[in-house]
1. Treating region 334-473 as a set of equal point scatterers at the Cα positions, no solvent, please give the Debye-formula log₁₀ I(q)/I(0) at q = 0.17 Å⁻¹.
2. For each pair in K290/K321; K90/K148; K479/K509; K183/K290; K321/K358; K245/K321, compute the distance between the two Cα atoms and list the pairs where it is over 20 Å.
3. Determine the per residue accessible area of region 229-388 with all protein chains present and a 1.4 angstrom probe, expressed in square angstrom.
4. Rank by packing, highest mean first: peptides 140-146, 380-386, with packing defined as the count of other Cβ atoms within 10 Å averaged across residues.
5. Counting other C-beta atoms within 10 Å, and keeping those with at most 11, which DSSP coil trypsin sites (Lys or Arg not before Pro) do you find in region 161-262?
6. Determine, at each q value in 0.10, 0.20 (inverse angstroms), the log₁₀ of I(q)/I(0) that the Debye formula gives when each Cα of region 85-233 is one equal point scatterer.
7. Let a ≥ b ≥ c be the square roots of the eigenvalues of the Cα gyration tensor of region 334-393; is it rounded (a/c under 1.5), or, if not, prolate (a/b larger than b/c) or oblate?
8. Report the one residue of F296, T217, G254 whose Cα lies farthest in the direction of the positive end of the charge dipole of region 173-332 (charges on C-beta: Lys and Arg +1, Asp and Glu -1; origin at the Cα centre).
Amino acid sequence: MKRSSLLALIALAAISLPAMLAQSPKNGTAKAPVAKSAPQPRKPVIRPTVPNANPHEPGKVILLHADRLTHNEMLDSGIQILVGNVRIRKEDMFMFCDSARLNESTGSFDAFNNVRMEQGDTLFVYSDELYYDGLEELAELHAYPGNKVRLINRDVSLTTDVFFYDLAQDVGYYETGGTLSDKQNTLNSLQGFYYPATKDAFFYLNVDLMGPRQNDTLRMYTDSLTYNTDTRVAQLMCPTLIINKDGEITSSSGFYDTNTGVADLYDRSFVHTRRGNTLTGDTLFYDRDKGIGEAFGNMILTDSANQSSLHGDYGFYDELKDSAFVTGNALAMEYSSSDTLYLHGDTITAYMLEDSTKVTNAIRRVRFFRRDVQGLCDSMSIVERDSIMYMYYHPVIWNGDKQIVGNVVYVHFNDSTTDWARLPETGIVGQHIGEDCYNQLTGADMTAWFNDSTLRRLYVEGSVQTIMFPMENDSTYNKYSYTESSYMDAYFENGEVDRIIMWPETTGKVTPLYLAKRAAYFLPTFRWLGPLRPMSPDEVFDYPPEMDDLKSMQIFSKVRPDAFTIRGSATGREVPKPAVPDTPPSAQPLSPAAVADSLSHSLPVDSMRPDASLLDSLSRTLPQIDSLGNVPTDSVASPAVAAPQQNPDAKEQQGAPAEPASPQEPLSDPAPISPAIEPKTEENTEK
């Protein structure tokens, strides 16, 4: 019964349902029946697969994967919408993102969110958005505010706001400011280019390179710089300032190794060292850690502490040892006073001793100029501790109208002015007074004292000979006197002879000029060398032909074998005590005891001598310069480097040499005696 009842109800519903559907709505309006449409087919789901194509085909962009791919009918039919784990390949470059739009016809695409580019296992680029032009093969990467586009290439990191990567040229660059960092340095600039394959980077505009060490931060400032992240060598392309704790470098062309601190610089570069010295040259080599600088072409080395400089065609500087070497038009300048000293030689060296004493040596063709004194010699050594200038091999000095010539000359400076001069191995002094008339003086050992570089006293011992032309009342010269003695003490006023004292015995004669031969006007060893005298700073580079004649000229026939050896002190030897008979003080200008005692202490003391280490070090450190100046090796052996022989009797004293005591009753007449006038004979009459 129940089954039959259920079937009856189903049948009733089937009959009444059409009628119910046909009834009018509540408002009473009739509605036409709607025809039932045919069922629509479902769209098939597109699941992208890797096409059967060569992935290394140039310019080919291949879609490797996307969770979903759709076409936007409102857009060009060639645009594909990629969503979810998108992977795209162009040759060896892979690109990943969350979503992208791909243009199948041009190979261009836009990528969004978690954008990443990978090439091999070394190059990675991260951004928030990427726009790739398939025709230009150029990728433009952007970062959202607060983020940065990042390129990672092993230990190299590059960050910027907008980054461009040229896949065809394999180069990335930025134009709105960026930073490149490696394990050694960090570089900032407004524009930069980076080549991952070669590790070369180019930076432009407001370039700043900073080293990693906090206690010694290397800084480099320029507008154009090339840098290799593998070698960490920077190439300078325009004016660049390099700063570190050891000094500064200024150059517009060259290379700087940030690993080693070695620089090869060109186009007139400049190095400012930690000591305050500066080195300039057309081409410079500088090793920061070793403190070594080498300059080629128009080299200038300045010493600000000593107010001096070295100039030449080639120079070498050791900052740690504070030593220098210069050759080729070499010039030393000393400008601590109002008057500058210009010193030239084929080779000039300067170095510091352990006691911080500075030594300067000039070798071959030495010439110097200062307004108050000029001179020349073959070699020279200046010892700052002693304030003494040692001159060797035919030294000549001019002061005003006076000329000093000797085998060896020592000149002492006090506050950059000449204090005294010493000729320990025979010397001759001449004074030009007019035409062929010269006052002349020679002796075995001579010492001269100066006031403001003006001669005020001259002391001579041993083989004294003089020729003097006394001025007459009418300012003319009509006679000369020839005098010989063992000792002489002369005093000067305003550069002119005031009085002369000779002892113990004096011989001589006075000859009228009309009775004398012209050759008798001169001592046998006297030569006036005026043509050799440098008259301006530029003339220190001149080499007159007479210089060669000076070398072959035997000015002094008897020269001690050890004349060029510094023996115990600047005097060179002990002063002998003259044998003078006892005379009451009123009759004897200077007692023998006083003379002997004063002479033994009157000359430069042992404390002024350069010690053996100074001389030995010079002989060891002078470099060979055959390749630079074609200077023979034997020419470098300056007489100044001979080993000194200690004088056991020399007394160590301090200060400048004390002058011999003045005689109590000096003679005021330039001719200390009144020798008879030589009678007229044919031998002494000028023909």
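The values are calculated or read from the model by the stated rules, or taken from the named source; none is laboratory data. Predicted model, so just to flag it, every value in this text is computed and none were measured. Quick reminder, even Gly has a Cβ in these numbers, built from the backbone with ideal geometry, and neighbours come from all protein chains shown. Note: accessible area is taken over every heavy atom of the protein model, side chains too, but ligands, DNA and RNA are not part of it. Shrake-Rupley method; radii C 1.70, N 1.55, O 1.52, S 1.80 Å.
1. Treating every Cα as an identical point scatterer, log10 I(q)/I(0) equals -0.95.
2. Over 20 Å Cα-Cα: K90/K148; K183/K290.
3. For region 229-388, the per-residue accessible area is 37 Å².
4. Working: 140-146: 14.0, 380-386: 21.6.
Final packing ranking: 380-386, 140-146.
5. In loop regions of region 161-262 (DSSP not H, G, I, E or B), the sparsely surrounded trypsin sites (Lys or Arg not before Pro) are K183, R213, K245.
6. Log-scaled intensity ratios, in q order: -0.35, -1.21.
7. Cα axes put region 334-393 in the oblate bin.
8. Farthest towards the positive pole: T217.
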